[in-house]
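As structure tokens, the structure follows; a few thoughts come after it.
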């Protein structure tokens with residue numbers, strides 16, 4: 001009876017799609033004509049300029065947009081509960097809706113798969129997504145293109161659910177491209193702004209590089225396994241390994257190409273450059289897409305294909321090293337950034353690095369666990385920063401903030417909780433997930449002490465720059481512009497209530513993964529165990545270092561490092577506030593390099609972008625303009641020239657026409673008379 | 001007791017003369033008359049063959065041709081008058097503005 | 001008897017036709033046209049097509065040529081303003097090709113020769129009248145419409161102001 005709800009699984013992605021259709025109709029037929037008529041006086045940004053009476057459709061959108069996602073969340077929750085009611089070995093539900101692509105032996109139906117992994121994902125996507133939708137109603141209230149925003153946001157939710165629910169690689173790819181498209185649309189939401197349009201394009205193009213890898217990996221998977229269906233592919237692994245058709249080389253190639261896709265989508269080195277620029281989009285978008293859900297799609301994909309990754313130790317090592325390197329690399333950039341959203345963006349990149357580090361050492365559960373907790377606290381951080389930005393009429397520079405604690409009590413409290421969580425303070429969600437990753441990177445068979453060390457240092461840096469952010473924003477002297485300071489106000493309930501809910505989740509969200517070493521039972525690991533059953537025992541528990549005493553020691557170590565980071569931040573930004581500038585002056589070269597994000601954008605620009613642009617210009621001028629157009633124009637002028645000569649035949653003298661007619665008749669009769 | 005080919009030959013000769021008149025002359029009036037000769041040539045062929053085959057269709061066709069010839073002459077001469085009023089000429093080579 | 005008359009009237013019609021296309025003044029051409037038409041009418045009669053022969057004289061020689069002469073006299077182009085027609089290469093070529101056409105028609109006449117038979121009375125007034133008012137009634141009526149259209153067209157064309 002409870003199981004029956006699973007038959008309505010299709011509603012989970014269908015409801016946001018309904019929202020897309022409804023809101024799109026409003027956007028096209030109600031909003032767009034309105035915007036076009038007043039486009040002359042259009043004013044964008046966070047301004048409070050709009051004094052017009054709100055058009056009636058806005059209320060409908062404000063209810064409908066978040067509403068469909070909310071209902072979708074309820075259906076997800078019921079479905080997951082129904083799944084949990086089943087015995088552990090039976091927690092796999094596939095709903096085939098209709099056949100989609102059928103060609104020869106290739107068969108990819110539209111089918112949704114609910115298992116513990118996708119269950120976690122749909123709860124995160126619909127749950128956090130719903131809160132952010134609600135928040136958006138308040139945050140975007142001054143925007144004129146209100147319905148358009150919700151069209152994109154609902155479309156994103158739909159695509160993301162397709163990605164995580166799809167039961168084959170092709171459907172996942174559709175969702176994968178769909179979220180990429182929505183990311184592009186939402187980054188470029190304020191498309192009149194050149195920087196926003198450019199950032200959208202950058203995100204789209206960089207993602208294409210990764211998508212190419214994913215696509216080729218999908219071809220390889222079909223070529224090797226003869227199917228793109230998860231269940232069938234994973235079921236065939238043992239047989240193909242035994243028969244020698246699936247060598248380590250093939251598995252390495254597939255997994256590395258998949259990882260290229262993940263690197264693009266989840267902003268890892270070397271394709272992370274689009275994510276910081278993506279902060280040009282509205283802040284709730286940054287929270288939903290560029291922190292909580294879409295960027296974690298890569299982690300989900302790696303976890304989903306964990307069975308393949310475990311066959312390729314080299315790929316695992318690459319994943320782990322790239323993850324660890326990204327974690328520390330972007331954390332160092334985060335120290336010097338002054339834009340509040342950019343700090344969080346680099347923090348996101350860094351945290352995603354942690355998730356890949358976990359996957360790379362075989363601790364997929366830990367990676368997904370961190371994905372979930374990160375979704376809570378990073379969404380909260382973004383939304384809170386959005387609340388700050390909203391309060392400061394669009395100001396994002398932390399050097400022009402400060403002393404906001406008394407103005408924005410709810411925002412401050414919730415953001416402080418999230419900061420504690422991300423820093424890994426014991427008892428909050430971040431602590432459990434991050435510590436699990438660090439412990440596994442040390443103890444797992446795939447782990448290495450170096451990875452642990454890098455992860456721990458990065459944790460310290462994380463704590464430092466996050467508290468730097470909090471201190472610069474909420475404490476100290478006010479450095480606000482006087483004009484801005486007058487308008488400072490706490491955000492409306494539609495924004496603060498999601499903040500409070502997320503704060504609760506940031507605290508309690510980690511408790512379901514309370515580690516066994518601390519007397520918990522780690523429900524989360526047991527929940528996901530069926531998905532990662534293949535060989536995970538050997539990988540995770542096979543390490544020689546596993547002992548409770550060591551685990552306590554490492555825990556204490558990471559907490560200590562985090563506290564050191566916090567202390568340092570306190571010393572530099574609350575104690576001797578002149579110190580940061582002095583340090584920057586002491587090592588000018590290093591500071592500039594880090595402030596300019598290691599000049600990675602500039603290097604990419606010179607090494608790749610310029611060359612492609614030059615090559616394209618050459619193709620345009622030499623090939624297209626000269627060659628192709630030359631042919632076309634040549635044919636045209638040939639015809640034209642011939643016509644210019646031939647028109648002289650048209651003399652206008654009737655006698656000539658009559659003669660031609662006669663000549664034709666004579667020739668025709670002659671031809672017929674020919675023996 | 002003549003063969004019809006004699007009539008057909010005569011018809012061909014008359015038709016050729018008419019054609020020569022249409023192609024070679026400049027005077028619109030004479031061109032129109034040449035056209036009348038061509039139609040008559042056709043009628044000769046119709047009548048001759050019809051009579052040899054003992055078929056009335058030849059005469060009927062010749063009758064139709066004659067009607068068309070009369071209509072053509074009427075309209076053609078009307079056009080001629082209109083043009084002459086406008087251009088004061090019957091020279092067909094001067095009526096050549098419809099070109100290029 | 002028939003061959004002799006055929007040669008006489010055939011010669012008259014061809015000679016008349018040549019005179020028509022070679023005269024400088026259209027009035028002369030029109031008068032020679034009457035001669036040609038009469039000769040052709042005689043040929044019709046020779047083939048027992050009495051009805052057509054009569055129509056030829058009445059409608060053609062009587063009405064159409066009179067219309068021509070009427071127009072010639074109406075516009076009355078002075079001798080000096082008649083087109084000057086010199087023998088150019090183009091016109092010579094035109095006449096040559098017309099000659100080729102005659103040659104070809106001669107070949108056609110020779111190739112499709114038919115056995116000579118005495119003329120039947122298929123062209124009699126009774127026969128043609130019966131055919132026109134039975135089998136070809138529709139065509140006959142359409143012809144009258146054509147003539148009506150020609151009349152209206154001619155008036156519309158020639159009238160100075162409608």
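The values are calculated or read from the model by the stated rules, or taken from the named source; none is laboratory data. For clarity, every value in this text was computed on a predicted model and none was experimentally measured. As a convention, Cβ positions derive from the backbone with ideal geometry for all residues, glycine included, and neighbour counts pool all protein chains shown.
Of note:
- Hits in segment A:214-237 (condition: under 29 Å from residue A:272 (Cα atoms) and either free of Cβ contacts under 8 Å to residues at least 24 places away in the same chain or crowded, with 20+ Cβ neighbours inside 10 Å (or both)): A:214, A:217, A:218, A:219, A:221, A:228, A:230
- Check on residue B:9, at the interface with chain C (Cβ under 7 Å from one of its Cβ atoms), buried (at least 18 other Cβ atoms within 10 Å of the Cβ), over 16 Å from the mean Cα position of the chain (by Cα) and in a helix (DSSP H, G or I): yes
- Residue within segment A:360-379 that is under 21 Å from the mean Cα position of the chain (by Cα), in contact (Cβ under 8 Å) with a residue 12 or more places away in the chain, over 25 Å from residue A:299 (Cα atoms) and buried (at least 24 other Cβ atoms within 10 Å of the Cβ) present: no
- Exactly one residue among A:635, A:669 is more than 9 Å from chain B (Cβ to nearest Cβ), at pLDDT 90 or above and in contact with a helix residue (DSSP H, G or I) (Cβ under 7 Å, 6 or more places away or on another chain), and that residue is A:669.
- Helices (runs of 4 or more DSSP H) enclosed by segment A:491-564 - at least 2 residues per element that are touching a helix residue (DSSP H, G or I) at 6+ places or on another chain (Cβ under 8 Å) and modelled with pLDDT under 80: A:533-536
- Every listed requirement among (1) crowded, with 24+ Cβ neighbours inside 10 Å; (2) free of Cβ contacts under 8 Å to residues at least 40 places away in the same chain; (3) under 24 Å from residue C:129 (Cβ atoms); (4) at the interface with chain C (Cβ under 7 Å from one of its Cβ atoms) is met by residue B:55 save one, (1).
- The set of residues from segment A:1-13 being surrounded by 15 or more Cβ atoms within 10 Å (Cβ to Cβ) and either free of Cβ contacts under 8 Å to residues at least 12 places away in the same chain or not in a helix (DSSP H, G or I) (or both) comprises A:9, A:10.
- Subset of segment A:573-592 (residues that are closer than 19 Å to residue A:474 by Cβ and in contact with a helix residue (DSSP H, G or I) (Cβ under 7 Å, 6 or more places away or on another chain)): A:573, A:574, A:580
- Residue B:86 being more than 7 Å from every other protein chain (Cβ to nearest Cβ), more than 23 Å from residue A:662 (Cβ to Cβ), surrounded by fewer than 18 Cβ atoms within 10 Å (Cβ to Cβ) and at pLDDT below 85: no
- Segment C:59-162 holds no helices (runs of 4 or more DSSP H) entirely within its bounds that carry 1 or more residues that are facing chain B (nearest Cβ under 7 Å), modelled with pLDDT under 90 and at positive phi.
- Taken together, B:14, B:80 contain a single residue that is surrounded by 23 or more Cβ atoms within 10 Å (Cβ to Cβ), within 7 Å of chain C (Cβ to nearest Cβ) and touching a helix residue (DSSP H, G or I) at 6+ places or on another chain (Cβ under 9 Å), which is B:14.
- Hey, residue A:642 in a helix (DSSP H, G or I), closer than 30 Å to residue B:99 by Cα and more than 13 Å from chain B (Cβ to nearest Cβ) or not: yes
- Qualifying residue in segment A:176-188 (condition: farther than 25 Å from residue A:164 by Cα and in a helix (DSSP H, G or I)): no
- Among the residues examined, residue C:40 qualifies as modelled with pLDDT of 90 or more, at the interface with chain B (Cβ under 7 Å from one of its Cβ atoms) and under 19 Å from residue B:7 (Cα atoms).
- For the residues C:44, C:38, the requirement of being crowded, with 21+ Cβ neighbours inside 10 Å and in a helix (DSSP H, G or I) singles out C:44.
- Any hit, segment A:391-398, residues being out of contact with any strand residue (DSSP E or B) (no Cβ under 6 Å at 6 or more places or on another chain) and either closer than 19 Å to residue A:504 by Cβ or free of Cβ contacts under 8 Å to residues at least 12 places away in the same chain (or both): no
- Single condition residue C:6 does not satisfy, out of (1) more than 7 Å from chain B (Cβ to nearest Cβ); (2) part of a helix (DSSP H, G or I): (1)
- Among the residues of segment B:60-72, at least one is over 15 Å from residue C:65 (Cβ atoms), more than 8 Å from chain C (Cβ to nearest Cβ) and out of contact with any strand residue (DSSP E or B) (no Cβ under 9 Å at 6 or more places or on another chain).
- As a summary of the residue check, residue A:629 satisfies the conditions (1) without any contact (Cβ under 8 Å) to a residue 40 or more places away in the chain; (2) outside any helix (DSSP H, G or I) except for the one numbered (2).
- One residue stands out in segment B:17-45 among those that are more than 7 Å from chain C (Cβ to nearest Cβ) and closer than 18 Å to residue B:95 by Cβ: the one that is surrounded by the most Cβ atoms within 10 Å (Cβ to Cβ), namely B:22.
- Matching entry among B:48, B:70, B:62 (being modelled with pLDDT of 90 or more and buried (at least 24 other Cβ atoms within 10 Å of the Cβ)): B:62
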